[in-house]
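Asks: Would you mind keeping the following structure in view while I ask a few things?
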Amino acid sequence: MKMAGMKMINVLAGVVLVMSGLALPAAAQEGRGDVVYVPTPQIVVDTMLQMAKVGPKDFLIDLGSGDGRFVITAATKYGASAFGVDLDTYLLKLANQNARKAGVTDKVRFIEENLFTTDLSRATVISTYLLPEMNLKLRPKFMELKPGTRIVTHDYHLGDWDPDEQRELIVPEKKVGTPGVSYLFSYVVPARVPGKWQSLVNIGGRETPLEFNLQQEFQEIEGKVEIRDRSVDLRGRIMGESIRMVAGGRNGVPRHEFSGRIGDGSIEGALVIGEGASRQQAAWSAKQIQRGELKRAADELPEEK
């Protein structure tokens, strides 16, 4: 599922959306100068933080932080450390004032910076409220983050990268995008596994060599596994550093289910063969012998020269 329907969400021409608010023509309602600030409803902030499972050990980066409510809520409600990025000096001043009022200046900070140049490497959680083309531009940076990093987006998804979770929230006070409705998307950065892997598994007292040739597009895996001189199709999925793959189950090849935790060029886990009364389980480990490249998504933006 590539969620083509969601790509039809209304986009206001020339408007740049940010996590805690957006800029609209001054004629729309009262505001400062030629820009109006419209805050994200608090229920949306709370739900996105819940989807990201934010906790006291997390470091959250909010790309387009507005009045700072996302960052400040992460600190006050969940004990997380966080910082927000914005280019609007008035909103940055407001965000810092709000942080002082909330008593969380020891946990949060706000910086004036272009979000496309922000260093995201410390983040365990990233939040955005950005237009689709901005999300696509950031997506390669997101995929390079540490496996297990969570990303939550409001209204606009990450293109062909399917979300691990999505919700539709009724928000009567929301007047932009789709009025009265917020679309929320949650992603977990997957570990990279494309390439060739080898295993030696003890099955019924017999050492059995296995060789995997894996292709990966975001968190989805497909490929082949060589089982006793038979090439069997394989499909699977990665969630952070956890992997699950299934092969066989037809044409005389029993079902093989591989699950484990991905390390640096290694996987440690278990193999379950067969189903029902004939089910067997064995320890399973694999070592990568040749690295491959991630598959290029159909909607991937061309590299800037």
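Asks: Would you mind finding the one in A282, A247, A270 that is touching a Gly at 6+ places or on another chain (Cβ under 8 Å), among the hydrophobic types (A, V, I, L, M, F, W, C) and touching a residue at least 12 places away in the same chain (Cβ under 8 Å)?
Replies: Answer to the check: A270.
Asks: Next question, about the same structure. Right, K93: under 23 Å from P39 (Cα atoms), in the same structural domain as M48 (by TED's automatic domain parsing) and basic (K, R) or not?
Replies: Judged against the criteria, K93 is a match.
Asks: Next up: Quick one: P172 ticks every box in (1) assigned to a loop (DSSP other than H, G, I, E, B); (2) of a type outside the set (F, W, Y); (3) more than 24 Å from I151 (Cα to Cα); (4) touching a strand residue (DSSP E or B) at 6+ places or on another chain (Cβ under 9 Å) except a single one, so which number is it?
Replies: Condition not satisfied by P172: (4).
Asks: List the pairs whose first member sits in the range 86-104 and is more than 19 Å from L130 (Cα to Cα), whose second member is assigned to a helix (DSSP H, G or I), and whose Cβ atoms are under 7 Å apart, counting only residues at least 6 apart or on separate chains?
Replies: Short answer, once both residue conditions are applied: N98/I72; A99/I72; A102/I72; A102/T76; V104/I72; V104/A75; V104/T76.
Asks: If you scan the range 106-150, which residues turn out to be in a strand (DSSP E or B) and touching a residue at least 40 places away in the same chain (Cβ under 8 Å)?
Replies: Within the range 106-150, V108, F110, V125, I126, S127, T128, R150 qualify.
Asks: Is the range 217-227 home to any residue that is assigned to a strand (DSSP E or B), polar (S, T, N, Q) and modelled with pLDDT of 95 or more?
Replies: Taking every residue of the range 217-227 in turn, none turns out to be assigned to a strand (DSSP E or B), polar (S, T, N, Q) and modelled with pLDDT of 95 or more.
Asks: If you don't mind, another one. Quick check on my filter: what residues within the range 43-93 are among the small types (G, A, S), part of a strand (DSSP E or B) and touching a Leu at 6+ places or on another chain (Cβ under 6 Å)?
Replies: Scanning the range 43-93 gives a single hit, A82.
Asks: Report, by residue number, each residue of the range 240-279 that is under 19 Å from G205 (Cβ atoms) and surrounded by 12 or more Cβ atoms within 10 Å (Cβ to Cβ).
Replies: Hits for the range 240-279 are P254, H256, A270, L271, V272, I273, G274, R279.
Asks: Kindly indicate the residue of the range 280-305 that is surrounded by 12 or more Cβ atoms within 10 Å (Cβ to Cβ) and part of a loop (DSSP other than H, G, I, E, B) and also modelled with the lowest pLDDT among those meeting that condition.
Replies: Residue satisfying both the conditions and the ranking: L301.
Asks: Can you tell me which of (1) surrounded by 24 or more Cβ atoms within 10 Å (Cβ to Cβ); (2) modelled with pLDDT of 95 or more is the one S65 doesn't meet?
Replies: Failing condition for S65: (2).
Asks: Further question: For the range 184-242, which residues satisfy the criterion of being within 25 Å of the chain's Cα centre (by Cα), touching a residue at least 60 places away in the same chain (Cβ under 8 Å) and on the phi > 0 side of the Ramachandran plot?
Replies: G195, F218, G240
The values are calculated or read from the model by the stated rules, or taken from the named source; none is laboratory data. The structure displayed is predicted, hence computed values, not measured ones. Please note: Cβ atoms are built from the backbone with ideal geometry, for glycine as well, and neighbour counts cover all protein chains shown.
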